[in-house]
Each structure stands twice: as structure tokens, then as C-alpha cells.
Amino acid sequence: MADVEVDNARQENLKLSKMKKKVLRKQIKAQHTLMRHEGIECISHTTQNLVIANGGLGNGVSRHQLLRLVEECGLVEALLMPPNKPYSFVKYGTTEEAKKACNTLNGKELILEDTSHTVILYVNFVRKVHWEDIMPTNLPPGLKVVDELISPEEERTMLESIDWTGDEVIQNAQKSLKHRRVKHFGYEFRYDHNNVDKDKPLPAGIPEICNMLLEKCLRKGYIKHKPDQLTVNQYEPGQGIPPHIDTHSAFEDEILSLSLGAEIVMDFKHPDGCTVAVMLPRRSLLVMAGESRYLWSHGITPRKFDIVQASEGQKVGTIIADAGDLTLNKRGTRTSFTFRKVRRSPCNCTYPSVCDSQQDQQKERTPTFVGNETAAAKLEQEYVHKVYEEIAAHFSSTRHSPWPKIVEFLRALPEGSIVADVGCGNGKYLGINKGLHMVGCDRSKNLVDICGEKECEAFVCDALSVPIRSGSCDACISIAVIHHFSTAERRLASLHELARLLRPGGKALIYVWAMEQEYNNQKSKYLKEKKAKKGKEEEIDTGVAQGPVGDQTPDNSTQDLTVSDGVLNDSEDKGCIAKQVINSSLPVHTNRTSFHSQDLLVPWHLKGGTKKKGESITTLQLPAGSNKLQELSPVFHRYYHVFCEGELEAACKTLDGIRIQRSYYDQGNWCVVLERQ
């Protein structure tokens, strides 16, 4: 009998030993994951500070539940729960309490409140706890939230006034939406083309109880115009709205949204990547006008819990990224009443980059290159590939200053990362971070030869077919390359090729030239450098073939150049040797001016004639207007498709297994950072 008990005890100890080893393996794995993906360094010696993996808001752990758990081990000085992250930080009063918590909570299974899911916590020591607020605290310009606009009795009456059964309009809407119940009054919003049938008003106008509410808003000055269209949406917990901007041509300035039944967090995003999470309490009215209506996208993330302020004081407004005051709030069934006024004339707002009315007018004014695959390849061969072979040496001499944000991206990559620079040009980014294994490729043999002269690894290939194994790169960069492809299909194919190269977790940085050379009331460096030098003509290169626009201007200490007046005939009148433009539908751009067409030819005045292999381009100090200078200044034309705001992001969103980590505007370029999931 005693032998049996001893044997059972040994088996029990063996099980415990195996469990401890498993927890230890998972704990070490959590250390590596936190370091690799979040930059959080775990340490082996005891401190007052702990990081709890799987114990974050991103895992569905609420502040109340975690605080109750960690307080069992001692006095908690601080509990920080960063938004949307799968970990939390806790600081104890003493190292002994922190050590106790580490031993007690490591490997602990936690059943999440309000769900049947479980998570297993893994705890490690950290030197210190630090978290910076990264979300703005101000509402987007033109946006306001009116709390408690109506009483609970009025809310009940409005909800009961909507009959969700037996309505044909609802059924049609359901086929398009699938994620929520919808009903229209006044005019039907057509989700198939994101507009309204302005000439076909619905038999049912806005209900009388809603009209009374709108009259109240007019009297109190919350709105300036009375809406004539109402859309009622009902959302179950876990449902949401994709980020969008209400169609400019469909509705006037003010858009109102009344939240009934439950509170919700709505996310607003500026084109520069700035995001604001706004709490919309039950029975509150959201008013979007001006910039918040026309420029910022808004949406509701599909999830069952919202991240909100834990303190009782704040019930309305922005959600501040104070990691010491965030928790989870379970969603309820919400019904929104969205009021809008139908627009009867084209929109002439001050945000043309996102205005469909003004973009349609732009399309009518300017011809765009549209061709088949063969025609596109022929155009690129003539106006991209051949040109860069001719101008390689001169082009390289103007590409010597790396851009700070691209340098920042490369230097932030872990040591030993494998990085591909697709469209590397003269290789100015290949040696930025000596700790990386970088390889470049470019369509121009002459530019690749220049990379070789710098002892950089580079080879010749097409960006649509890069001979690198799929999933082998930790990162890729494509700096001012994709805008040289002449069809949307070829531009998308180049994005697919970049995505193909990335391993899971790998990142790609992409820059393209922007249609908007004046953004947020500031001119880009490209426009600012229009001024010519006194007493001589100055050539200014407008292209960004293998480098961002801001690195356009040659170093004045070594270059003495001539200005292009832009149109082909003007160049010929000046005596320059201009290459024939075979596609007459493409306008020739005037250097250092705003763009008026997305597809165009950009002049490059070659300094000192065409460079032959083994020769160098010499700077010649000749007077302006000299016949000799004109003879030595051939003009080449390069094809560009300049990207409108949101165009690059929209293309990237079609890529499978890729998420947009960040998007921004940088000196006349639209830029994105992608991540392979």
C-alpha cells in the first residue's frame, strides 16, 4: 500500500514538473514575442514592475477583473493597460510583492468576464513601466457631441416608432449590407453606388417625432439646416460600420447621428493617419460639419467590447490613451438615426482630394492614359526604361541625400534583417543601416552599375517580377517606383510582388508622388523650390523615379542647370533637343507647378549631354542662352501617374494577408507602411 502511495506521489510530482516546464517555455516565448513585436525587454532579476502577457485589453481582459486579481498579491501602485494591446503592466509597492505575483500568476488560467473564453497569463519582470499617450485629446474640427439630447421616454417612443418587418426597402438594403438592419425615410440611399435617387423621393417622409426633434436642434443652434433624409440602422453587439466619408455629391455639410439603445465608440481618421476615438453615449447627438464631415473618415470597429475610460467622470468625448485609465465596456444593441440633407448641386468644398464632385470635373478636363497591357508596356519602355538608361549618371548625381523618414524606417529594423530595395536607383538607401542584409534591384542597368561602383549588392530586374523567393524578406522598400506604371492593374501587380516577398510580420515602406503638392495649407518642397537663380537659368528636375520628390534639386555647388518651361514646344523654341512625345493624349507637365492631370510626362533636362559608359558628366559654366548650352541640354520625358489622396491606401487594402500599419504624407509623397499578417 505504501509503495502505491509513493508511486502516485512520484507521478503527481512528474506531472507538476512537466507543467512547470511547459509554463517556463511559454514564459520564455512570451519574452521573445514582447521584445520582437513590441520592443519590451524582460529581465531576469526582481523589480517592482511586471508585464503580464495575455492580460491586456486586446485579449478581452477588463481593468476591473485584472485589478482584482493582481491586488491579491499585494499593494498595486499602478496598473497600465495600453489600448488594443495583449499585455498589461503592473507596479507593486515592493519587490517582494512583485515576486509573489510573478510566482502566483505565471501560468494562471483566467476565465474572461461576460464570455466563456479563457486566457493563460505569463508574467515577467521589466525595469520600468512607461507608456506615452499616442491619441489626440481634441475632437476633429467641426465635430460636436450633444449629451442627453432626449429623455428616456422620448428614446423609447422613437425606437417603438420603427417597424422592422414587411418593408421592401429594408430587404433591398439587407442584400448590400448583411451586417445591420436598415430603413430609409425621405430618400433611399443606394449602397451599390453610394448615392441617393434625388428624383425619386420615398412615399414615407421623415416621421413626425423626428421632425419635432430636428426643430428642437434648430432652435438650440445645434444645426443650421433641416435635413430631408433619414437612415435608421440597428446594430447588434459585434457589428460595425466600415470607415468611410459620406459621399460629397449626395449630401450637404451637416450630418447628424442620434445614438439610441446603447453607447458606442466611433473611430475618426484623418488622411495623415491621425486617429480619434469618440465616445457616443446613449441618447447623444453627433454633429459632423466642415472638416470632420468632408475630410475625416468615420466608422465603428466590429467588436463586442469597446475600450473606454475607466474613470466615472468622463462619459462623452474622445477616448484618451491613458493606459492607467482604460477598461472594456460591453456593447449593447444600438439604433442610430442618421439625418442628412440631400445636395442639389455639385459640391465645391475645400477638400478636392476626397470630393467626388470635383474629381469628376477633373476627369472631364484632363485626358488620362488608358491602354491595354501591350500599350502600357510600350509606353513604359519608351518613357521610363529608355530614359533612365540615358540619364542614369546625371540622375545619380542629384540623388545623394536620403530622406529622414525612410532612414528612420531602415534603422528601426532589427539587426540581421533581410531587406529588398525594389527600384533602388543608385543605391543611396542600400548602406544606411550596416546591420541589415540589403539587396537592391532596378530596371536600369546603368543605375545598377552605379550601385556596383559603390560596392552595394544590386541586380537588374523588373519590379513586376523580382527573382527573390517568396516570404524571404523581413522588409522591403519601394521608393518612388510604382508611379511609373501606367495602368492601375500594373500598379496593383507591383504591390502584390512586394507583398509576396515579405515573411509573416515583415514590413514594406512605399512612397509614390502625390497629386496634392499643397497639403494642409503648406506647399511641398517641390513647389517651394520654383525660384530660379539670378543671372542664370536653373534646371529643376521634377521626377522622383528612384527617390522622393524632396530630393529633386541637384546640389548647387556642383550643378549649373536650366529651367524647363514645361510644354514640349517651348522646349523646342529654346533650342533643346526634345524627344518626340508619341502619346499625344498625355500632357507635358510644367516643372515646379501643381499637377492638373494624374497621368503625364515630366521633362528632364540632361546636363552635359548623354553619358557614355566610362565617361563622366562635367559641369560647364556657360552663360544663360548660350547656343553651346542648348546643344548640350537634351530633354527627356518620363511617364508618371501621380496618386490622389487615399488611392495608394485603397490599392493596398485589396492585398490578401496585408494590413496597413501606417499611412502619411511626406513632402509631396503619399506613403504607407504595410505588414504581412
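The values are calculated or read from the model by the stated rules, or taken from the named source; none is laboratory data. All values reported here derive from a predicted model rather than from experimental measurement. No Cβ is skipped: glycine too gets one built from the backbone with ideal geometry, and neighbour counts run over all protein chains shown. Ligands, DNA and RNA are stripped out before the accessible areas are found, and what is left, the full protein with its side chains, is counted by its heavy atoms. Shrake-Rupley method; radii C 1.70, N 1.55, O 1.52, S 1.80 Å.
What to note about this one:
- Some residue of the range 183-202 being open to solvent by less than 80 Å² (accessible area, probe 1.4 Å), at pLDDT below 90 and part of a helix (DSSP H, G or I): no
- If you go through the range 267-308 and keep only what is open to solvent by less than 20 Å² (accessible area, probe 1.4 Å) and polar (S, T, N, Q), you end up with 284, 292.
- Of the set (1) modelled with pLDDT of 50 or more; (2) outside any loop (DSSP other than H, G, I, E, B); (3) under 21 Å from residue 527 (Cα atoms), all apply to residue 571 but (1).
- Residues in the range 466-523 that are open to solvent by 20 Å² or more (accessible area, probe 1.4 Å), among the aliphatic types (A, V, I, L, M) and under 21 Å from residue 666 (Cα atoms): 515 only.
- Residues of the range 441-459 satisfying the condition of being within 18 Å of residue 398 (Cβ to Cβ) and open to solvent by less than 20 Å² (accessible area, probe 1.4 Å): 442, 444, 447, 448, 451
- Qualifying residue in the range 140-163 (condition: modelled with pLDDT under 85, open to solvent by 50 Å² or more (accessible area, probe 1.4 Å), in a loop (DSSP other than H, G, I, E, B) and within 30 Å of residue 305 (Cα to Cα)): no
- Among the conditions (1) open to solvent by less than 70 Å² (accessible area, probe 1.4 Å); (2) in a strand (DSSP E or B), residue 77 misses just one, which is (1).
- Residue 426 satisfies every condition listed in (1) in a helix (DSSP H, G or I); (2) in contact with a Ser or Thr (Cβ under 7 Å, 6 or more places away or on another chain); (3) under 17 Å from residue 402 (Cα atoms) except (1).
- Only one entry of 477, 468 meets the criterion of being hydrophobic (A, V, I, L, M, F, W, C) and part of a loop (DSSP other than H, G, I, E, B), and that entry is 468.
- Of all the listed residues (230, 218, 213), the sole one being in contact with a helix residue (DSSP H, G or I) (Cβ under 9 Å, 6 or more places away or on another chain) and in a helix (DSSP H, G or I) is 213.
- Among the candidates 244, 248, residue that is open to solvent by 30 Å² or more (accessible area, probe 1.4 Å), closer than 19 Å to residue 347 by Cβ and of a type outside the set (Asp, Glu): 244
- Complete set of residues in the range 236-253 that are in contact with a Ser or Thr (Cβ under 7 Å, 6 or more places away or on another chain) and outside any loop (DSSP other than H, G, I, E, B): 243, 244
- For the range 638-673, a residue qualifies if it is open to solvent by 20 Å² or more (accessible area, probe 1.4 Å), among the small types (Gly, Ala, Ser) and not in a loop (DSSP other than H, G, I, E, B), and the qualifying residues are 650, 651.
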